[in-house]
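Student: This is the structure I want to talk about, given as C-alpha cells.
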Amino acid sequence: MAPRIIGTAVLLLVAACSEVEEAQRRNEQAEVKRIMREAEKEGDRMMKDIEKEVARDAEEQYRIAKKSGSPMDVCIQAKSVSAGWLQAKHEANYAKWKKIEKADCKAAGFDE
C-alpha cells in the first residue's frame, strides 16, 4: 500500500511542478508582453518628437528662405512646413502654415 501512495504522491508532485513551471512561463510571457507594450509606447512618443523636430527644422529653413530666397523658394518652404505639421498631426500649426503657404505662394504668382 505504501508504494502506491508514494507513487501517487510522486505523480501529484510532478504535476504540481509542471503547473508551477507553466505558471512561471505564463508570467514570463506576460512580462515580455508588458515590456513590448512599453517599448511600443516609447517608440510612438519618440516618433512624434521626431516628426515635430522635422517640422521645426522646416520652419528654420523657411526663415532662411524668407530672408535670402526668391518668392518661389519661400512658397516651396512654406509648403514644406505645412506638410511637416500635417505629418506630425498637429492641426493648429498645420492650419497656421497653410495660411502662410497660401499668402507666400500667391506672392510667388501661384493662385489656387
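The values are calculated or read from the model by the stated rules, or taken from the named source; none is laboratory data. Keep in mind that what you see is a predicted model, and the values were worked out from it rather than measured. Positions of Cβ are backbone-derived with ideal geometry, glycine not excepted, and every protein chain shown enters the neighbour counts.
Student: Determine whether region 46-56 contains at least one residue that is surrounded by 17 or more Cβ atoms within 10 Å (Cβ to Cβ), among the hydrophobic types (A, V, I, L, M, F, W, C) and more than 19 Å from the chain's Cα centre (by Cα).
Tutor: No, region 46-56 contains no residue that is surrounded by 17 or more Cβ atoms within 10 Å (Cβ to Cβ), among the hydrophobic types (A, V, I, L, M, F, W, C) and more than 19 Å from the chain's Cα centre (by Cα).
Student: Identify, please: which residue in region 32-76 is at pLDDT 90 or above, among the small types (Gly, Ala, Ser) and part of a helix (DSSP H, G or I) and is, among those, farthest from Trp97 (Cα to Cα)?
Tutor: Looking at residues that are at pLDDT 90 or above, among the small types (Gly, Ala, Ser) and part of a helix (DSSP H, G or I), I get Ser68.
Student: Output the qualifying pairs, or none if there are none: Cβ atoms under 9 angstrom, residues six or more apart or on different chains, first residue in region 101-112 and in contact (Cβ under 8 Å) with a residue 24 or more places away in the chain, second residue exposed (fewer than 13 other Cβ atoms within 10 Å of the Cβ).
Tutor: Close Cβ pairs (under 9 Å, with a partner that is exposed (fewer than 13 other Cβ atoms within 10 Å of the Cβ)) amount to Cys105/Asp111; Cys105/Glu112; Ala108/Ser70.
Student: Any idea how many residues of region 62-89 are surrounded by fewer than 16 Cβ atoms within 10 Å (Cβ to Cβ) and among the aliphatic types (A, V, I, L, M)?
Tutor: Selection size over region 62-89: 2.
Student: To continue, here is another question. How many residues are surrounded by fewer than 15 Cβ atoms within 10 Å (Cβ to Cβ) and under 17 Å from Asp57 (Cβ atoms) when one looks only at region 90-108?
Tutor: 1
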